[in-house]
Amino acid sequence: MDDTKRLIIGFVLIFTVMMMFQFYTISRQKEVSASEEEESEVIRSDTVDKKAKRGEIPVEIRKTEPDKGERALATFLTGEDMTKESEETKTEELFVETNLMKVYMNYLGGTIDSIFLKEYDVSLVPFDQKHRLLSTTIIKGQSKVSTDLILFDARIKESERGKRVEFTYVIDSLELKKSYHFLNYSYLVELECMQEFEYIHHISAFETHEKFPREERYSGVVYSVGKKSQTIYKQKLFKGADDDITGRIDWVGYKTKYFLIGSVPEDYLTEFTVKKSPDNPSIFVRSGPVSRFYFGPLKYSILSSVKGGFEDAIYFGWGFIRPISKILFRFLLFLHRFIPNYGVVIIVFAFIIILVLSPISLKSFRSMSQMQQIQPKMQELRLKYKDDPQRMNKEMMELYKEHGVNPFSSCFPMLLQMPVFFALYSVLNSIIELKGSPFILWIQDLSQRDPYYVLPILMGVSMFLQQRFLSGQSQGVSDQQKILSFMMPAVITFVFLSFPAGLALYWLTYNILMIFVQWYIRKRS
């Protein structure tokens, strides 16, 4: 096999991996909750305006008569399992607001029904609005009762740091309690229940009504066992057997591309179950009286402040790409401290990569020049030993060694680019910091594809010009190499049509800079 065929196969393998990566890749809040200081007590029963407000989606509420709640509790005390659902009518919602979010709760069950995140102008709502984002089942021995069957009283205690919502239900001498602690500047919520019981908390799969291409690639149940994150993707949650996960579970939740609802214990969980359902899959987490839940963005700085390793809910790529992605992400954030436009940050990053790879590129171009000089001798060897491939290869290697030529050196800069390319792809696809980041004119979101395909087409043209520049300076270029100079830009352009605009911008900048580098090197030589 001659060097041209090896080069073609190398390129085909590289870009086959790139195309497979596109389909294989899939997508991970402020301070840790501090203790609240209870101060003035305010009893609220405000009726929330049911008309939709700027992205806030009211949820239909179910109501049970108080006597049903009493019967449910009585059944619980006798040790029977409660699974009967309540009748559906309308009742009032309990509305709680902090600096970061608006929380819609329910007197029936003391549940969280939906949440509106102010900074991101987005609502987190269950797939099926008959369900709740967060609800609870009480366990004592073999007995279970869902608090969805109990109509609680509620009061809100306010302090400078946040709000505490207390749900209570009294029957005879027994009082049931659920207390939520909301801090003004945290997405972490603490739920405190009675000490004498155990609990199963139900976290519903949710949606945000944001539109993304192939959204199912980013959504699903994400969890960490022994500091290693894993994902059950959305398309696997609607049918099949339930998944029971046991072990030292650091955290668990359901995520979309940019948001997450999860259980985050201070230490660890021992088990949870993914309940699959055609309408509303859920995560069932067994815990003690005090639990912590996160409702917010997949933002690295916030997640890492909630709990070490929680930031791994963000998808940073597979295997050895993940640490490269994290380094790249931090470096982009560092540059953004001085450059407000992420598009310009990506261009500057391309300049830096060129500088880092310039010694390797210089060596590569020199080797290519030497290869062109020995082309006549290589052709002689091919003709002389055309009937003896082994001898031809041996003589070729001797020729390379004699002239100090590495036939594959021209591929080194591109091969070194591959980890950077995959890492940048993961970062641009997964990081909420880049969500909605504009560049210029029609490019208003670098994390999404170019709506008019201008950048990927220009990138393909730049790659073609770079190939022609190299071949135009070469003598004895084979027909296969000429075909390759046309084929590769066309294939890569097609692949990049659906890639984030920021990635196309990076590769376009890199190609243009490489043309100037090649021109400079040839001029010097």
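Things to note:
- Heavy-atom accessible area order for W519, W442, largest first, 1.4 Å probe: W519, W442
- Largest first, the three principal axis extents of the alpha carbons in the stretch 209-340 are 48, 35, 28 Å in whole numbers.
- Only Lys, Arg (+1) and Asp, Glu (-1) charged, at Cβ; the stretch 108-194 dipole about Cα centre in debye: 140
- Filter on K140/K228; K102/K326; K228/K299 - keep pairs with C-alpha separation over 27 Å: K140/K228; K102/K326
- Solvent-accessible area of the stretch 137-268 (1.4 angstrom probe, protein heavy atoms only): carbon and sulfur portion equals 44 percent.
- Among the listed pairs K236/K435; K177/K275; K163/K255; K157/K276, those beyond 28 Å (Cα-Cα): K157/K276
- Of interest is the spacing of the C-alpha centroids, which for the stretch 449-467 and the stretch 307-362 amounts to 22 Å.
- Taking the centroid of alpha carbons for each part, the stretch 198-250 and the stretch 252-281 are 5 Å apart.
- S173, S282, reordered so the largest accessible area comes first (probe 1.4 Å): S173, S282
- Restricted to Cα atoms, the stretch 85-199 shows a radius of gyration and a Dmax of 14.6, 45 angstrom.
The values are calculated or read from the model by the stated rules, or taken from the named source; none is laboratory data. Remember, predicted model here, so these are calculated numbers, not experimental data. So basically every Cβ, Gly included, is an ideal-geometry build from the backbone, and we count neighbours across all protein chains shown. We work out accessible area using only protein heavy atoms, side chains counted, and drop any ligands, DNA or RNA first. Shrake-Rupley method; radii C 1.70, N 1.55, O 1.52, S 1.80 Å.
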